[in-house]
Structure formats: C-alpha cells, structure tokens
Amino acid sequence: MKKIYTLLSILLLTILLAACGTDTVNKSAEPVTPTDDTATTEETTPAEEESANVEESTQAEGETESIVSPTEELEGTQTESETQNYTLTVIEGYELTAEEPNKDLLFNQENDQQSMRIETFSKEDASIDDITKNLSDTLQASNDNGTLEEITDQSLIPTNESIENMNAYQIDTPEGNVYGYAFEREGLLIKLTVFDTTEAQAVQDFVKMASTIQAK
C-alpha cells in the first residue's frame, strides 16, 4: 500500500512539472510589443548622409551665385568741369576740355574724331522731355537721310543705380556712328553726344566715363 502512495505522488509531481514547463514556454513565445521608451529610432545610412551633405552644398553654392557682386569702380582721374556743375572720372588716354559756354568736350588723345560733348542743366532751367527732344534733333541733323534708332544694347548705355529717365539713341553717318543720351542723376539733367568712328570704336569707353558724371 505504501508503494502505491509513493507511485501516485511521483506521478502527480511529474504532471505538475510538465504543466509548469508548458506555461513557461508559452509565455516566452509571446511577442514583445515595444513601448515608446523602447521603440528604436530610424538610423541614417552613410549614403543618405552623403546625399544630404551634397544637397546642402549645392544649395549653398546656389545662394552664393545669386549674390550680385558690386560694380567695379572705374580707374581714372576724378575731374571737375571748369564751366559746368559736374565731375566725372576720365580714364587714361582721354582729356576733358571746355568747348564753349555750357558745353565740354571729352576726346580721345590718339584720335580726336572720337569725342563726347557734355551738356548739363538744372531742373529749374530745363526738363528731361525738352532735353530728349533737343537730343533727337541734334542726332538727326548729323544725317538728314539717316534713321534714328533707340539703343537697346545695355553695353552701350551709361549705367548707375542713381541714373533715372534714360533715353538713348544712335544714327549712322558717312563719317561714323553718332550716339546720344539724355538722363537725370541726382537732380542734374545730362545730355551727351558721342561721335565715334566705324573702325576701332571708342563708344564703350565714353559710356563708362558717362556713368560717372554727377553733380559737384
């Protein structure tokens, strides 16, 4: 009888141990749901980092290219008119002289057929419309059979951030090209007539110097 109790006890213990083992296995097999604290963050691969760096570099280069560099200062001699209320920068090889009252002549020392007549007015004495009309008549008179044309080439037009109301024309003559400009700068009205030759033109030099004309 004692042996029977012993066998029953061993069998019962075996069943209990088997049940505990099965429960432990089931619990260990359950999936673990990550919490907010344990969730893994997305890592950036080296390729993605390199792509981001290239994009930032390209953007920086684009921003640099969009910056407009300031206009270079014209090298020459700051010169005052003896008869009019203006100054300008005269580059090497050119000379400014008084032609007649209220008219100066800026000419090429190596070729005096290349010149620019400079006339200035105050707003009290004239208007930009009057000066522009007078300019057109002056150019047309240089060639009655020629056609007066508006200048659209920006390299042939005086440029400065303070220049306003620019009017620019040209006409061909048997002797060469004649260019005319009427504009306003800081209250000074300016009329320019440029006489140039067909070969070895100097008009761009005159345009650069004209861009520096300003009231004294």
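Throughout, read-outs are computed from the coordinates displayed, never taken from laboratory work. Every value quoted in this text rests on a predicted model; they were computed, and no experiment measured them. FYI the Cβ positions are ideal-geometry reconstructions off the backbone, even for glycines, and counts take in every protein chain you see.
Net charge of the neighbourhood of Gly180, taken over other residues with C-beta under 12 Å away and scored Lys/Arg +1, Asp/Glu -1, is -2. Ordering Ile131, Ile118, Ile151 by the number of other Cβ atoms within 10 Å of each residue's own Cβ, fewest first, gives Ile151, Ile131, Ile118. Rounded to whole numbers, the Karplus 3J(HN,Hα) couplings from phi for segment 91-108 are 7, 4, x, 10, 9, 9, 9, 7, 8, 6, x, 6, 9, 10, 10, 9, 10, 7 Hz, using 6.51 cos²θ - 1.76 cosθ + 1.60 with θ = phi - 60°, and x at Gly and Pro.
Return the sequence-ordered ³J(HN,Hα) values of segment 140-156 in whole Hz as given by the Karplus equation 6.51 cos²θ - 1.76 cosθ + 1.60 applied to θ = phi - 60°, using x for Gly and Pro. After applying 6.51 cos²θ - 1.76 cosθ + 1.60, I find 5, 5, 6, 7, 4, 8, x, 10, 6, 10, 7, 7, 10, 6, 5, 6, 10 Hz.
About the centre of its Cα atoms, segment 77-210 shows a dipole size close to 180 debye [charges on the beta carbon of Lys, Arg (+1) and Asp, Glu (-1) only; nearest 20 debye]. Reported to the nearest whole Å, the Cα centre-to-centre distance from segment 97-121 to segment 131-148 is 18. Over segment 77-210, Cα pairs under 8 Å with separation of 6+ residues give a relative contact order of 23 percent.
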